[in-house]
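Here's the structure, in structure tokens; my notes come after.
The values are calculated or read from the model by the stated rules, or taken from the named source; none is laboratory data. Remember, predicted model here, so these are calculated numbers, not experimental data. A quick note on method: Cβ atoms are made from the backbone with ideal geometry, for glycine too, and the neighbour counts reach across all protein chains shown. Side chains are part of the model used for accessible areas, which takes the heavy atoms of the whole protein and leaves out ligands, DNA and RNA. Shrake-Rupley method; radii C 1.70, N 1.55, O 1.52, S 1.80 Å.
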Amino acid sequence: MRPISVYIHIPFCRTKCLYCDFASVPANHDSVAAYMRALHTDAERQLASLASQGRSLATLYIGGGTPTVVPPADLAALLTVCLNSMPVEPDIEVTVEANPGTVTRDTLARLRDAGANRLSLGVQSLSDDLLQALGRTHTATQAHQAITDAHAVGFSDLSADLIYGIPGQSPDRFEADLRELARRGLPHLSAYALTYEEGTPLRRARDAGRIAPMSEEDEAWCFARAGHVLAEYGLDRYEVSNFARPGAECRHNLTYWRRGEYLGLGAAAHSFIAGRRWWNARQHDDYVRCVTDGVSYQEGSEEITPENAWTEAIMLGLRLREGIALDTLEGPPGGTAEPPIWSKGYSLQQRGLLELADGRLRLTTKGLLVADAVTLELVS
Ligand code: SF4
């Protein structure tokens, strides 16, 4: 059996957050019901097909959107059909994303009983005014309650997302949130800088001068501080934005960064198998119609050329603290014996952004802060 990961996208949320440009729409009962029926059918077919190709399920990740706006019975049924439609690895990781305010202790117990063993909570902040600034629908009290409930029903593998750079947030308040969540014993945290995506209300507010973004210096401070603070609690940065106790890293996301194979089900989900990448119809009703009619819902695809594979390996691998094993990086196909990456890499090393040790190429702590710029310089 060859292990594979499966991602399932739930494109519904209670309302749209002010900074969000993800594939998500406000939930309504009929759309959610039709979508879940289609997903159920699709998951059964596609996972049985993977099983017939000798694949076993290593990680399953239900993300969104907000999966927990779906009725718990439907979410549990989806987990059950996935876990019963193909062989599963003995140490399978099954993650469900959830937002505080959309879960109760009963909901979480139901997900656990259906096979979920990891929960990722969209906490974002532990201050109500900052949650409101983001357009989130939950409160800090609900975030604390969700953690309490998750622990109570046995989710020891628990993660929380935090955002820094929120208008009105001081670096000290961000640090206080990090400490609070680490003190509550979470073995995994993700900390992302707020981005002002085109077309979002937050972007318009910034462009109109109605809100003042955090300064670049303060954002850089938050990025660096997260590493120092969480290390005090035994959580190491293993990816640019992700921290975990040893062994608590998200294996599903590691599959993406290490260019492992995965199947994506649901609207807007992406897949990568046998050197080919494809993506599904973005609109949830298009996806439902295609599944119901038994026709393909692929919206596009690309064969990953050796050149692209090489670039991807660098761009994804350098996000990880472990970096990239040099013996897997032979240089772009058709390149010279001395591909330009080595001279660029040398220059980045001299500037303290990249390091070469134990046969691996990786970003330094300073390099992680400007990871996108460094990788771009390396592959361009
Ligand atoms: S909960 Fe997440 S996916 Fe849903 S609107 Fe907010 S940011 Fe977007």
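For the chain, what does -39500 (n - 2.57) per DSSP helix run (n ≥ 4), summed and divided by total residues, give at 222 nm, in deg cm²/dmol to the nearest 500? Let's see the in-between values first.
On the way: 14 runs with 158 residues, N = 380.
Computed ellipticity for the chain at 222 nm equals -12500 deg cm²/dmol.
Estimate the FRET efficiency between residue 30 and residue 128 by the formula 1/(1 + (r/R0)^6), using the beta-carbon distance for r and 41 Å for R0, to the nearest 0.05. Walk me through the numbers before you get to the answer.
Values: r = 32 Å, r/R0 = 0.79.
Efficiency, from the Cβ-Cβ distance: 0.80.
Full extension from residue 56 to residue 80: what is 0.36 nm times the residue separation minus their Cα-Cα distance, to one decimal in nm? Could the numbers behind the result be given before it?
Numbers: separation 24, 0.36 × 24 = 8.64 nm, distance 1.53 nm.
Gain on stretching residue 56 to residue 80: 7.1 nm.
For the pair residue 380/residue 273, report the inter-label distance in nm, with labels modelled 7 Å from Cα in the Cβ direction.
Simple spin-label model gives 3.6 nm for this pair.
Taking square-rooted eigenvalues a ≥ b ≥ c of the alpha carbon gyration tensor, is segment 24-124 rounded, prolate or oblate, where a/c under 1.5 means rounded and, failing that, a/b exceeding b/c means prolate?
Judged from the Cα gyration tensor, segment 24-124 comes out oblate (a/c at least 1.5, b/c at or above a/b).
Of 13, 359, 139, whose Cα points farthest to the positive end of the dipole of the chain (charges on the beta-carbon: +1 Lys, Arg; -1 Asp, Glu; origin at the Cα centre)?
So the residue furthest toward the plus end is 139.
For the chain, set up a GNM with springs between Cα atoms under 10 Å and report which of 101, 234, 247 has the largest fluctuation.
Largest GNM mean-square fluctuation: 247.
Within segment 170-246, list the GluC sites (Glu not before Pro) lying in a DSSP loop whose Cβ has at most 14 other Cβ atoms in a 10 Å radius.
Values: sites: 175, 180, 197, 198, 216, 217, 219, 232, 239; in loops: 197, 198.
Passing sites in segment 170-246 are 197, 198.
Taking the simple approach of a point 7 Å from Cα along Cα-to-Cβ for both residue 216 and residue 372, what is their distance in nm?
In this crude label model, residue 216 to residue 372 measures out at 1.3 nm.
How big is the chain along each principal axis, measuring the range of its Cα positions in Å and listing the largest first?
Largest first, the chain extends 57, 50, 42 Å along its Cα principal axes.
Spin-label point model (7 Å from Cα, Cβ direction): what's the residue 307 to residue 176 distance in nm?
5.3
Whenever you get a sec, compute what percent of the accessible area on segment 167-212 sits on carbon and sulfur atoms (1.4 Å probe). Please report the intermediate quantities before stating the final value.
Details: 1030 of 2190 Å².
After summing per-atom areas, the C and S share lands at 47 percent.
Which value, in Å², gives the accessible area per residue of the chain when a 1.4 Å probe is used on the protein heavy atoms?
Working: 16560 Å² over 380 residues.
Per residue, the chain has an accessible area of 44 Å².
If a paramagnetic tag sat 7 Å from the Cα of residue 286 along the Cα-Cβ line, which residues of segment 44-81 would have the backbone N under 17 Å from that point?
Correct set: none at all.
Can you tell me how much longer the chain between residue 113 and residue 1 gets when fully stretched, taken as 0.36 nm per residue apart minus their C-alpha distance, in nm with one decimal? Walk me through the intermediate numbers first.
Values: separation 112, 0.36 × 112 = 40.32 nm, distance 2.59 nm.
My answer for the length gained is 37.7 nm.
When the chain is modelled as a GNM with alpha-carbon springs shorter than 10 Å, which of 111, 326, 50 fluctuates the most?
326
If I build a Gaussian network model for the chain, linking alpha-carbon pairs within less than 10 angstrom, which residue out of 365, 305, 107 has the largest mean-square fluctuation?
Among 365, 305, 107, the largest mean-square fluctuation in the Gaussian network model of the chain belongs to 305.
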